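The values are calculated or read from the model by the stated rules, or taken from the named source; none is laboratory data. For clarity, every value in this text was computed on a predicted model and none was experimentally measured. Counting neighbours? That spans all protein chains shown, and the Cβs are built from the backbone with ideal geometry, glycine included.
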Amino acid sequence: MIKAEWFYWLVGALFMVLAVQMAADRTNPKRYGTAAFWGLLGAGFVYSSWVVDKSAPAEPLGAAVLVMICLAAFGFTGRGKARTTTTEERRASARKHGSKLFLPALTIPAVALVCAVLVPKLSFGGGPLLQKGSETILGLGIGAIVALVLAMVMLREKSVAAPLHAGRSMLESMGWAMLLPQLLATLGTIFAVSGVGKQVGILTEAVLPHDSVITAVVVYCVGMFLFTVIMGNGFAAFPVMTAAVGWPVLIEQAHGNAPAVLAIGMLCGFCGTLVTPMAANFNVVPAALLELKDQYGPIKAQLPTAVVLLGCNIVIMSAFAF
Amino acid sequence: MIVLLGVLVVIIGFATRRNPLLVVGVAGIATGFLGGLSPQKVLAAFGDGFASSRAVTIFVITLPVIGLLERHGLQEQARNLISRFSKLTTGRFLTLYLVLRQGFAALGLRDLFGPAQTVRPLAAPMAEGAAERRYGTLPDKTREKIRSFTASADNVGLFFGEDVFLAVGSILLITGFANSTYHTHLEPLQLALWAIPTALCALAVHGGRLLRMDRTLERELLGARVELATEEAAK
């Protein structure tokens, strides 16, 4: 059986190999700091396997994360000059290869699709071929490897250094944004164990009017939205808002339809995810990947949609759930 | 009440545009201490959080192949391809992308598309290419706007598509929480059905905004060109 952890080791190894390249890159004025950041990230990926199954302490990993934060936040990381092709060379190559170039890029989703849909039905030596529940993640990894081999054969690229180099300059241009989503997930956990959720619940109950269903719907929906903006995802907001308003007021007092109230409540949280930099993997990482000058560009594009949809949710819940 | 100070740190930090890593790190440490965790527990929380959230970072595995293809002209070819379909404007292309993204997410295939796999190498250059065919070289501001909207189509499609699928994390979270806390019995199917009205609204609202982008682009870019031409004429 292919395990998800093996794939995390591969990602960790990739980070570490790139870190070695970075340390040797004389065009990067801060090469040692940069190499330390990505090297620690890679080592953390591997070490995490034992943290997850509780056979190693989490504290050293936590300390490494704090070191990474300091390296990135206090300007010890930088980027080298990318040795890459010029626009003219790219245009010439595009003319030469034509739409064949899409083939490897489309291989990634195609393999992911096969792994998610077909492979779970196969068995290998009495067990599933891919670890259960991780099929799509593993599919992405297998797809990336197949695509890489295909691209190298197709483009007659003999050296593995070329794709590594290309990947490295993309990583260097993203910089600290890479670590942010994982760090925010951590913050969510810390908020939860420190009782931030409970406090917000108490606050919400204090401002909650007990007379009209419509106001309670608005409090639940807007509360989910705002709480998600603060926490970065609806998963942390949902139990708190549902315990404070959703269940006791909307479902028990007002006899709302439970699936409707809860499903739409969660979707109000998703509207919040569209507008918060705390949801870095959806909003900040794409901005870095697309090399936008304004890191809030995607959020600005999503804000009107999010607000209108929040309104839609309030209307749908008021109209159909009671 | 005092643990909410951590939330305040986050809001102020992001509003004043400090380095987000530093903001989140400080907020985490502060909240942990205010919430009565020992320094050792805070460190362990950072470690556990990192280890259990690695899945959000694995898209890097696609970067080497995407980078290699880009060096050989993938983005240029995406632009070439789109310019053969003269009816496919930027807005229409992005709406099509939104529909596909939402449709596949509703079938449970959320990792098929994504910022690293499809937005950067394919969708964004195609959306730009469609605009370039009409208006020539784009100003940086327009380029940023088109890219931001491509990212937005990806997110909106994903968020409001995936909840229509039964086995997605958020649906299972709802049933898990409600069934264990309130001793009720909710089925994932009931919840997924109630996600459909909002999914349709999302498609209409965001699709409408994407289609309207064509008009905005025309106004901005043709307007700018007229201005430029009158300036030239005045000389």
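Quick look at the numbers
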item	result
Residue list for region A:293-322, restricted to those being surrounded by fewer than 19 Cβ atoms within 10 Å (Cβ to Cβ) and not in a helix (DSSP H, G or I)	A:Lys293, A:Asp294, A:Gln295, A:Tyr296, A:Phe322
Lone qualifier among A:Leu226, A:Leu184 - being part of a helix (DSSP H, G or I), under 22 Å from the mean Cα position of the chain (by Cα), closer than 28 Å to A:Val308 by Cβ and touching a residue at least 60 places away in the same chain (Cβ under 8 Å)	A:Leu184
Test result for B:Leu166, farther than 18 Å from A:Leu274 by Cα, at pLDDT 95 or above, surrounded by fewer than 18 Cβ atoms within 10 Å (Cβ to Cβ) and more than 10 Å from every other protein chain (Cβ to nearest Cβ)	no
Among the residues listed as A:Leu138, A:Leu122, the single one being more than 9 Å from chain B (Cβ to nearest Cβ), surrounded by fewer than 19 Cβ atoms within 10 Å (Cβ to Cβ) and among the hydrophobic types (A, V, I, L, M, F, W, C)	A:Leu122
Where A:His255 falls short, out of the listed (1) at pLDDT below 95; (2) within 13 Å of chain B (Cβ to nearest Cβ)	(2)
Residue selected from region A:158-181 under the condition farther than 27 Å from A:Cys115 by Cα and not in a helix (DSSP H, G or I), by the criterion farthest from the other protein chains (Cβ to nearest Cβ)	A:Lys158
Residues being within 15 Å of A:Val261 (Cα to Cα) and within 8 Å of another protein chain (Cβ to nearest Cβ) - total across region B:188-203	8
Candidates B:Gly36, B:Gly32, filtered to the one that is within 7 Å of chain A (Cβ to nearest Cβ) and of a type in the set (Gly, Ala, Ser)	B:Gly32
Yes/no for A:Ala260 being facing chain B (nearest Cβ under 7 Å), of a type outside the set (Phe, Trp, Tyr) and part of a helix (DSSP H, G or I)	yes
Qualifying residue in region B:2-20 (condition: at the interface with chain A (Cβ under 7 Å from one of its Cβ atoms), farther than 21 Å from A:Asn233 by Cβ, touching a residue at least 24 places away in the same chain (Cβ under 8 Å) and surrounded by fewer than 18 Cβ atoms within 10 Å (Cβ to Cβ))	no
Leading residue by the ranking (nearest to B:Gln40 (Cα to Cα)) among those in region A:24-42 that are surrounded by 17 or more Cβ atoms within 10 Å (Cβ to Cβ) and without any contact (Cβ under 8 Å) to a residue 40 or more places away in the chain	A:Leu40
Verdict on B:Arg133 being within 23 Å of B:Ala78 (Cβ to Cβ), basic (Lys, Arg) and within 7 Å of chain A (Cβ to nearest Cβ)	no
Test: residue in region A:22-45 that is in contact with a helix residue (DSSP H, G or I) (Cβ under 7 Å, 6 or more places away or on another chain), in the same structural domain as A:Gly167 (by TED's automatic domain parsing) and among the charged types (D, E, K, R)	yes
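Here is a yes/no grid of residues against (1) within 30 Å of B:Gln117 (Cβ to Cβ); (2) part of a helix (DSSP H, G or I); (3) touching a strand residue (DSSP E or B) at 6+ places or on another chain (Cβ under 7 Å); (4) among the basic types (Lys, Arg):
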site: A:Tyr220; (1), (2), (3), (4): no, yes, no, no
site: A:Ala243; (1), (2), (3), (4): no, yes, no, no
site: A:Ile251; (1), (2), (3), (4): no, yes, no, no
site: A:Gly256; (1), (2), (3), (4): no, no, no, no
site: A:Val275; (1), (2), (3), (4): yes, no, no, no
site: A:Asn281; (1), (2), (3), (4): yes, yes, no, no
